[in-house]
Structures are given as structure tokens and as C-alpha cells.
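What follows is a set of notes on a single structure, which appears directly below.
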């Protein structure tokens, strides 16, 4: 992309094309012959990884849009039907939802790399600013994408973020109304967010082209921060950078696959498995992890307008970085003081992220204010002053010299720091949740479906179904489950005939018939599980004013705090069983009479594990209430565990397929990474 | 590079080929779910289960249209005249030869059950129109007789008979 190419194809057909449209020459000069500094380290592979992630998000996103319905009444269920019914729908959805997080992890590493090695300095200012624009577009895209599943967090995230604009004086409220297309977040909002969420990735792709163009004009920066001078300083992009980027990408895919196949909901919020309800705000609103530092900055400022200004300012200040930092030396390797401040800045960002997930009160607010100051001070005070007073170390004469000198490696420690930091931020949401709830934490039970090769216990699923049918289903609906699901692979293992029999026992309303009347007919496999009440009002009237929640997703819609450092281990242990632990504990958590100092509201029951302890559901099950035919003890703890297993299956019906495919993908990727590593070594053997 | 032996060359070539092959396999494996997701999903397949239709309300000479798997199915209670017309035509003279007997269920000769989609380009023919006491397609003028066989026009084939069976004398199960 840096001017006319001298490349001439030998094939006459290609020559014919090349004379008319020099596209092969463009590709050749940009991605084959393009000289790349030979001392690039693995932090430089994140550019390629980001392009890869953009591709993954566009491909999976276009496919999801084939099945998604952008309507307030149907969006939530259409996402669930993608996960449940569409072939490999669960895979595509988890690739896309976790892909967003991977995209942001990669972009943060990419940005910090640029910050550390001074990649924004002359002549790369425009390259850097284009990067900031891409980052802003990514944030907008990520936010609007998060709204689409129309869960509780989607809805309230949309409400809170759009309300930011109401802080603008005079025109704020008009702007917010304009964004909503109504008087509140509603169907028009969802529709336009869907449209824009589809559009923006292509805008990002366009700006990425400019970003790469600017990169190829200025040339890549490198760890030494000196420009290439001779041929010896560079190697051709292909095969050297291609294979190195490829190896980095495969390693990143292993990390990505770990999330997709083993902990797909680790970064998500259980509340987003509850359908959006404009009447109830979740107790603790937390944005996605990648916005947390900015969210903390927003909340730390006691003025509404001030908070919004600071939040946007925290991003915009990046665009001025090339002029705030005037130091001639690019790489922080040779800037002993700047290097230390850089790591302090990283720590500030991580801590801000952690604070963003804490309740906005007391010591957290004070800490947020101090760290917000530190964040801005880094850009507005530290860097401008350092560029005047710091005495840099001697920079190598050339890249070739740098390669020979073999600068001491600190990569490993930096990776450890980043992994810890990421874990801290990721887990802090759960941290915050629990402080809200207080009370004892449900005990962790051992589940057959946990871990990398977990499978449901068929017996437990069938018993759990029996408990659900005889006990839970009298009040709780199961809207996302169909009778056909009982015979699905990886489910309770009913035969089609058995599932048919279950269905035909149930009367389903159908119609109208020729006379215009509704009529009852026996259920069919394609029918949903019928709800116990015709509507929400009837359900509330029959249950003392409380609405028994739908149980289809309950095992993913409930969580509790695991605390630090437990949530870091959870990443490695693939812990995803909060929901079943909670359900099991709740069913056994009734205490009668309640503790003396607890004022129990009328019509409520005391439950140790229910948030706030006052639950409207009476103790639902006691020993020997449901008859087990297989000799399993008919005790409450057994009932609870069985029904929790069943509910985990209804929430994640393709869990077994996911873990099975996950193992195959992991084995494949590890073999592939090994091959890539040795191929890379062979290729680079020529360059040293 | 001058010291590189030919043995090393072979090993290196093998490594490159192996890496490339694994990458190709991986790419192919990724494409599979991306294509497979376009097939009908589980709910669509479940909704395509057989349906039962009660024939009792359909008087002689009348027809109804029901939908099965999104396709309109014509169920026609044919008159004696229509049956005779359909059976008096020499089969060999038809564009898509088939006897009327082969298109209805034995013992239920008055019932014609056909998928009402023109075999030309998929329009819905109108019943009881055209010159053959059968169906007339308004799009391009194809005509079908009282057995649903094509008689005239661009359509190449007869209206297909869906899989169905009589559950009782007045009830059929389509699918």
C-alpha cells in the first residue's frame, strides 16, 4: 500500500489483469514483499489477531442475523432458539459473544504495546489516531451488540448508556429521545441498534484499511524504536511475519476456544439470561468488563455532566498522545522512568476496571477518584514532563544491532501481570454481586456435567424431570422447552415414543377451527411445555403477588459471588456451576421459624440462600413427596440435586455436544500450534 | 545455507506440508457449521410433522386448501363427472403420463390430494378453472385436469401427490 508496485506476474492471464487493475501487485507489495523489522516480538502479532477477530465477528454476526428477530417481544427467545434449535447455533452464538471479549482483550494488548514502544510518535500520529477511532467504533458496536439479546442487562445497559447523553446541556434530552425513537428504550431502539450493530463492523473494516495503509506508509515501529536503515534491518512480510502472526493467532485461538467451549458464560452476567423487564432494574448494573475502567471514571465524578465529560475525555485523550509525549526516544525500553510509569498506568487501568464493578459507595468512590486523577495525570502531567526531564539510555544504532544485542527478555513477567490483571477485572463483577446479596454462599457440589468431559447423569435428568413435572410445574412455566427436546441427544434420554406419550397426556389449546372457536387437542412433539397460568396476572394472583420465574434458563440466570481469588481459579477449573449450586441450596435453604432478629414480611418464608432471605415460594418439597422408581433415596437433598441437574440441561441443552466438540477442537489446535511453532522456527532459521 | 543437507530439506518440506495440510483440514472443519446452520432448524423440522385432516365437511365438488410444511395441499372431493373425465383420457397422450388410479387411493377414488404448486415455476394454480375441470395456473397459463395432471402450458410435470394415508374413511394423515 505504499506506492506503485514493481511486481510483475509471469502468468500471461495475470499480466493481463495486472495491466488493468494492479491488485496482485498491491497484495504482493503489502503482504508479501513488504519489509518488516526483523526484531518484532510477539506483542506485534496482535494486529493480525485483531484482523482475524474482526473477520470472526463479521462472519458469525452475519450468520446470527439470519436467525435473529429484532423485536422486543421476540428478540430474547429468538436468541434462545438460535442456541437451542439452529444447527451449531450454540457454537455460533458463543463464538460471537465471547469473540467480543477476545476482540477487546486483543485490542487492549495492542494499544498498550503501542503505548509502551511509542508507536504513536512521529511519523505515526495518523496511524495512532485511526486506531483510537477504531477503538471508539468497537465500543459503540460492542455496546449495541450487547443490547440485542434483550436480557435484563441489555435493557438496563441501553438505558444507562443512552442516558449519558442527557447530561449535555440544553439539547441532552432531545438527543436521548432521538436515540430511543420513543419516550423510553423500546422496540424502535432495539431495531436501530440492530441496524447499526450490523453496519458498524463494516465501518470498522474500512477504517482498518486506512489504518493498515497508514502503517505501510510509515512502516512498522519495533521494540528498539529505531527506523530500519538497511536491508539487514528488515525481512519480507511473507513468509516471516505471516508465519509468526499465524503462530500467534493459533495460540490466541486456544485461549478463545477455552472460553467458547468450556466457560462460555464466565464473562457474561447471569441477569442477561432474564428477559428484559422495563419495570425492574437489576440490583447491581455492571457493564461488560471491557468498559469497566471508563464506567469507574464516570461514577467517580460527583457531577453528571462532569462524569460524562471525564469518561469520554479518558478515551479522547489518547488521540492527543502524540503531542503530549514529546520524547525523542520511542521505546520505553530505553526510557527508565517512563517504563515504570507505564506499568503504574497499567495497574491504574486494571484497578479502575475492578472498581467499576464495585458498588459506587464509600471507599470505592474515593479510590475511583484517586485513580481517575492518576489516569489523567499519566497523560497530562507525567508524559509531558518526562519528555523534558528524562534522560534516556542509549538507543541501538540499528535494528540489526538490537537483534545482536539480544535485549533481556521481560515478556514472561509482563504476560503474568496481564493475565492476573485480566482475571481480576473479569472476576470483579461477581465480586460485586455477592456483596449485594450478603448471606452464606451455596456449597459447591460435585456435578457429573462439570469439567472438560462432563456429561449429564441420565438417571438424574429423568428423576429431575419427574420432580419438575410433579412439583415445580404447578407454578413455574418452562417456556423454552418443547416435548421433542425430551428425546434430544444429550438430554434425559427419552425415546421419541416416550416423548410423544408425555406430549399427548397434555391438552394444548389450538385453533381457531372452522367455526372460529379455540379447542383443546393432545400435545404434539413440536409443542412447547404448557405454562401453568394463562398470563402473568393470573400467575401473580395465584402466588401471593409474586411471579414464579420461568425455569427454562434459571440455572444460568442465577449466580453468586465466588470472591477473590476463587474466580481466577474458576477460569482454569472451568467452573460454570453456580446456577445448579444455587438452585440446590435454595430448595434446602428453608428455615422455620426464621432467625429471631429477622422481620419476615407477611406471606414470605425465610430462606438462607435467597437474596434478602424473604422468599414468596413456600418450601416446595419434602421427603417422600415424589416417588422414585429406581430406588434412589426420596430425600429433599436428592430431589434438589436431581431437579438442579434437569434445570441445568434445560438451560444448556447442548452442553454435552459443546464439551465433546471442545475436546476435539482443543486437541486439533494444540497439534496445529505445535506444527506452526516448528514451521516458524524453520522459516526464521534463515533470518538469523 | 551452504551446509544444508538434502536430508534436512526433506524434513523441512515435510513440516511445511504437514502444517499446510492441518491448516486446510481446520479450515474445512470450520466451514462445516457455517454452512450447516442454513439447513432447517430443529423447530422447523418438528413443525413439519404429519398433520391430520378431517374430510367430513368437504361436500362433493368442493375442495379445501391446507398447509403442510408451508406448502398448500389441495384436497378435492371430485364429482362423478370429474372422475370419469380423468379416467377416459388415454394415458399415453398426456405430457406426463400417469393413470388417475395411480394418483388416488384405492377405494377413495373421489378424493384427490395434490400439492397445489405449479410444476412450472411455483405459482398456486386456481381450482375449478381451465378447460379440464381441474386447475389453471394464472402465472403462465398451465392447465391441469381433474386428476392434477398437466394438460397444457409450460409446466412439465403433474401436480405431485404428497405422502398421505387414510386413517379412517373421513380422515387422512398427510406426511
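With respect to the numbered conditions (1) within 13 Å of chain B (Cβ to nearest Cβ); (2) closer than 27 Å to residue A:484 by Cα; (3) not in a helix (DSSP H, G or I), which one is the sole condition not fulfilled by residue A:661? The single condition residue A:661 does not satisfy is (3).
All told, residue B:111 falls short of being surrounded by 11 or more Cβ atoms within 10 Å (Cβ to Cβ), more than 10 Å from every other protein chain (Cβ to nearest Cβ), in contact (Cβ under 8 Å) with a residue 40 or more places away in the chain and over 18 Å from residue B:134 (Cα atoms). From the list B:57, B:40, the lone residue that is closer than 25 Å to residue A:515 by Cα and within 11 Å of chain A (Cβ to nearest Cβ) is B:57. Answer yes if at least one residue in the stretch B:81-94 is without any contact (Cβ under 8 Å) to a residue 12 or more places away in the chain, away from chain A (no Cβ under 14 Å), over 27 Å from residue A:527 (Cβ atoms) and touching a strand residue (DSSP E or B) at 6+ places or on another chain (Cβ under 7 Å), and no otherwise. For the stretch B:81-94, residues without any contact (Cβ under 8 Å) to a residue 12 or more places away in the chain, away from chain A (no Cβ under 14 Å), over 27 Å from residue A:527 (Cβ atoms) and touching a strand residue (DSSP E or B) at 6+ places or on another chain (Cβ under 7 Å): absent. Tell me, yes or no, whether the stretch B:80-96 has at least one residue that is assigned by TED's automatic domain parsing to the domain that holds residue B:150 and in contact with a helix residue (DSSP H, G or I) (Cβ under 8 Å, 6 or more places away or on another chain). Checked the stretch B:80-96: at least one residue is assigned by TED's automatic domain parsing to the domain that holds residue B:150 and in contact with a helix residue (DSSP H, G or I) (Cβ under 8 Å, 6 or more places away or on another chain).
The set of residues from the stretch B:125-151 being surrounded by fewer than 24 Cβ atoms within 10 Å (Cβ to Cβ), free of Cβ contacts under 8 Å to residues at least 24 places away in the same chain and either in contact with a strand residue (DSSP E or B) (Cβ under 8 Å, 6 or more places away or on another chain) or under 20 Å from residue B:77 (Cα atoms) (or both) comprises B:126, B:129, B:130, B:131, B:136, B:138, B:141, B:143.
When A:169, A:188 are screened for being part of a helix (DSSP H, G or I) and farther than 29 Å from residue A:50 by Cα, only A:188 passes.
Scanning the stretch A:517-530 for residues that are within 19 Å of residue A:85 (Cα to Cα), assigned to a loop (DSSP other than H, G, I, E, B) and within 14 Å of chain B (Cβ to nearest Cβ) turns up A:524, A:525, A:526, A:527, A:529. For the stretch B:10-22, the set of residues classified as within 49 Å of the chain's Cα centre (by Cα) and more than 7 Å from chain A (Cβ to nearest Cβ) consists of B:17, B:20, B:21, listed by residue number.
Would you point out which residue out of A:575, A:533 is under 22 Å from the mean Cα position of the chain (by Cα), modelled with pLDDT of 90 or more and assigned to a loop (DSSP other than H, G, I, E, B)? Being under 22 Å from the mean Cα position of the chain (by Cα), modelled with pLDDT of 90 or more and assigned to a loop (DSSP other than H, G, I, E, B) holds for just one of A:575, A:533, which is A:575.
Only residues that are touching a residue at least 40 places away in the same chain (Cβ under 8 Å) and assigned to a loop (DSSP other than H, G, I, E, B) were counted across the stretch A:207-231, and they come to 11.
The values are calculated or read from the model by the stated rules, or taken from the named source; none is laboratory data. Small disclaimer: the values here were computed from a predicted structure and weren't measured. For neighbour counting, all protein chains shown are included, and Cβ atoms are generated from backbone atoms with ideal geometry for every residue, glycine included.
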